[in-house]
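Enquirer: If you scroll down you'll find the structure; I have some questions about it.
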Amino acid sequence: KWVVYIPLACLAGILVIVAYNMSEWHSFVMLLKSPRSDVTVLWGTFLITVIFDLTMAIQIGVILSIFLFMRRMALIANVRVITDQFEDIDEEADDPNAIEKKHVPPGVEIYEINGPFFFGASYKFMEAMNAAGRSPKIRIIRMRNVLSLDATGLNAIREQHKNSLKHGIPFIISGIHTQPLMVFEQSGLLKTIGEE
């Protein structure tokens, strides 16, 4: 009731100070020194807030961040064939599971997946499998560096398992972690491949 008697110029001054303190422009300036993709999301969200409204800016900012996250996950993950060199470049010398400490007979094809096995990495996996262009006696997929697996990654493994069965190639998954193992179990792929 008493608010109507406060001069608008006084309220405007208070709002300017509050908005200035909320803007955290120091953080904004520091964020401009971030990677270019993050700065693009920041500027896009900021401009949409100014031009349209905050609700739309939050929605678009979240969507842009999701695409950015997916792109980064795809770049982190890689698949490599370690059949020919039998050498783990990234592994420590005291690692008992290093390939160079194993006896790998001829005709064994080994693929190692590193990083999260999401949709972005599944095409790399399929490319690596198709690039080999030969029929091995045994196909081994090392998953000891895969901490998470999604439906696309699962489908890529299922397809390669079917392909291996079709050509009579034994298909082995090694070093699987808890989350991917649970995904295998829930999807029924663990039973299909066999727990052994």
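Enquirer: Which of rounded, prolate, oblate describes the chain, given a ≥ b ≥ c as roots of the alpha-carbon gyration tensor eigenvalues and a/c under 1.5 marking rounded, otherwise prolate only if a/b is larger than b/c?
Expert: On the way: a/c = 3.68, a/b = 2.90, b/c = 1.27.
Prolate, since a/c reaches 1.5 and a/b exceeds b/c.
Enquirer: Between 52, 69, 125, find the one with the highest GNM mean-square fluctuation for the chain; connect C-alpha pairs within less than 10 Å.
Expert: So, out of 52, 69, 125, the one fluctuating most is 52.
Enquirer: What is segment 107-196's relative contact order, in percent, from Cα pairs under 8 angstrom and six or more apart in sequence? Write down the numbers at each step before the final one.
Expert: On the way: 124 pairs, mean separation 29.7, N = 90.
Value for segment 107-196: 33 percent.
Enquirer: Under a 1.4 angstrom probe, counting protein chains only, how are 43, 2 ranked by accessible area, largest first?
Expert: Working: 43 105, 2 200 Å².
The residues order as 2, 43, largest area first.
Enquirer: Report the relative contact order of segment 1-68, percent, no decimals, based on alpha-carbon pairs under 8 angstrom and at least 6 residues apart. Could you put the intermediate results ahead of the total?
Expert: Values: 20 pairs, mean separation 13.3, N = 68.
After rounding, I find 20 percent.
Enquirer: Calculate for the chain the 222 nm mean residue ellipticity that helices alone would give, adding -39,500 (n - 2.57) per DSSP H run of length 4 or more and normalising by residue count, nearest 500 deg cm²/dmol.
Expert: Details: 8 runs with 107 residues, N = 196.
It comes out at -17500 deg cm²/dmol, rounded to the nearest 500.
Enquirer: For a quick check, take a GNM of the chain with Cα springs below 10 Å and name the residue from 51, 60, 76 with the largest mean-square fluctuation.
Expert: Of 51, 60, 76, the most mobile in the Gaussian network model is 51.
Enquirer: Can you tell me what share of the DSSP beta bridges in the chain is antiparallel? A percent to the nearest 5 is fine. List each step's numbers first, then the result.
Expert: Values: 4 of 15 bridges.
Within the chain, antiparallel bridges account for around 25 percent of the total.
Enquirer: Continuing with this model, one more query. Mean Kyte-Doolittle hydropathy of 1.0 or higher plus an axial Cα length of 27 Å or more: which whole DSSP H helices in the chain meet both?
Expert: Numbers: long enough: 54-76 (32 Å, 1.84).
Span-like helices, by this rule, are 54-76.
Enquirer: Using only alpha carbon pairs under 8 Å that are at least six residues apart, calculate the relative contact order of the chain and give it in whole percent.
Expert: Numbers: 207 pairs, mean separation 29.1, N = 196.
Result for the chain is 15 percent.
Enquirer: Still on this structure, please answer the following. Using the per-residue mean of other Cβ atoms lying within 10 Å as a proxy for protection, in what order, highest first, do the peptides 20-29, 158-167, 144-153 fall? If you can, show how the numbers build up before the last one.
Expert: Details: 20-29: 9.5, 158-167: 14.5, 144-153: 17.5.
Top of the packing list down: 144-153, 158-167, 20-29.
Enquirer: At a Förster radius of 41 Å, what calculated FRET efficiency corresponds to the Cβ-Cβ distance of residue 147 and residue 26, to the nearest 0.05?
Expert: Numbers: r = 36 Å, r/R0 = 0.87.
Between residue 147 and residue 26 the formula returns 0.70.
Enquirer: Using a Cα distance threshold of under 20 Å, what count of lysine pairs results for the chain when pairs must be 8 or more residues apart or interchain? Please report the intermediate quantities before stating the final value.
Expert: On the way: 102/137; 124/162; 137/162; 137/166; 162/191; 166/191.
Lysine pairs meeting both conditions in the chain amount to 6.
Enquirer: Turning to a different aspect of this structure: At a Förster distance of 35 Å, what's the computed FRET efficiency of residue 190 paired with residue 62, Cβ-Cβ distance as r, to 0.05?
Expert: Values: r = 35 Å, r/R0 = 0.99.
The calculated FRET efficiency here is 0.50.
The values are calculated or read from the model by the stated rules, or taken from the named source; none is laboratory data. As the structure is a prediction and not an experimental result, all values here were calculated from the model. So basically every Cβ, Gly included, is an ideal-geometry build from the backbone, and we count neighbours across all protein chains shown. Surface accessibility is based on the protein's heavy atoms, side chains included, excluding ligands, DNA and RNA. Shrake-Rupley method; radii C 1.70, N 1.55, O 1.52, S 1.80 Å.
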